[in-house]
1. From the phi of every residue in the range 41-57, what ³J(HN,Hα) in whole Hz does the Karplus formula 6.51 cos²θ - 1.76 cosθ + 1.60 yield, where θ is phi - 60° and glycine or proline is x?
2. Can you tell me the length gained on complete extension of the stretch N86 to T57, counting 0.36 nm per residue apart and subtracting the Cα distance?
3. Tell me the relative contact order for the chain as a rounded percent, counting alpha carbon contacts under 8 Å between residues six or more apart.
4. Set the Förster radius R0 to 30 Å, insert the Cβ-Cβ distance between K43 and I102 as r into 1/(1 + (r/R0)^6), and round the FRET efficiency to 0.05.
5. At a Cα cut-off below 19 Å, give the aspartates and glutamates reachable from K100, other chains included and same-chain residues fewer than 8 away excluded.
6. Based on the alpha-carbon gyration tensor of the chain, what equivalent-ellipsoid semi-axes (square roots of 5 times the eigenvalues) come out, in whole Å, largest first?
7. To the nearest 0.05, how large is the calculated FRET efficiency for R19 and E109 if R₀ is 30 Å and r is the Cβ-Cβ distance?
8. At 1.4 Å probe radius, can you tell me the per residue accessible area of the range 12-121 in Å²?
Amino acid sequence: QVQLVESGGGLVQAGGSLRLSCAASGSIFSVNAMGWYRQAPGKQRELVAVMASDRSTNYLDSVKVRFTISRDDAENTVYLQMNGLNPEDTAVYYCNARVKLIKSAGEYEYWGQGTQVTVSS
């Protein structure tokens with residue numbers, strides 16, 4: 001019913017930047033929150049950044065001054081601008097969206113397929 005398509009991952013040197021994008025499509029009535037999680041090998045998935053419909057944000061402490069999340073509600077798209085990347089940021093980054101569907105009560109959660117971010121030292 002809802003698809004999340006991510007783009008923008010890749011390989012970058014330490015200190016570099018990347019911008020991730022995630023577009024949601026399908027039977028969406030409204031998007032409550034969109035954000036990014038990441039999972040490094042052998043580690044649990046963790047929240048990186050999330051933006052609610054009221055534009056409030058929540059960031060992982062280690063990325064607060066380096067990453068910026070933004071949304072385009074007209075396009076149901078969320079972005080993650082990542083600056084000052086370091087090898088510890090290497091992970092698969094997953095888009096997450098909590099949405100209300102057309103003709104359906106309640107909130108539903110969806111995940112993207114993941115995009116690899118690799119930061120070399």
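1. Values per residue, Gly and Pro as x: x, x, 10, 7, 5, 10, 6, 9, 6, 9, 10, 7, 5, 8, 6, 5, 10 Hz.
2. Working: separation 29, 0.36 × 29 = 10.44 nm, distance 2.23 nm.
In short, 8.2 nm is gained.
3. Working: 304 pairs, mean separation 43.5, N = 121.
It comes to 36 percent, rounded to a whole number.
4. Numbers: r = 37 Å, r/R0 = 1.22.
That pair, K43 with I102, gives E of 0.25.
5. Answer for K100, where 19 Å is the Cα cut-off: D54, D72, D73, E75, E109, listed by chain and number.
6. Details: eigenvalues 134, 37, 30 Å².
They are 26, 14, 12 Å, listed from largest to smallest.
7. Plugging the Cβ-Cβ distance into 1/(1 + (r/R0)^6) gives 0.80.
8. Numbers: 5710 Å² over 110 residues.
Ligands and nucleic acids excluded, the figure is 52 Å² per residue.
The values are calculated or read from the model by the stated rules, or taken from the named source; none is laboratory data. Quantities reported herein were computed from a predicted structural model and do not represent experimental measurements. With ideal geometry, Cβ positions are generated from the backbone for all residues, glycine too; neighbour counts draw on all protein chains shown. Ligands, DNA and RNA are excluded from the accessible area calculation, which covers all protein heavy atoms including side chains. Shrake-Rupley method; radii C 1.70, N 1.55, O 1.52, S 1.80 Å.
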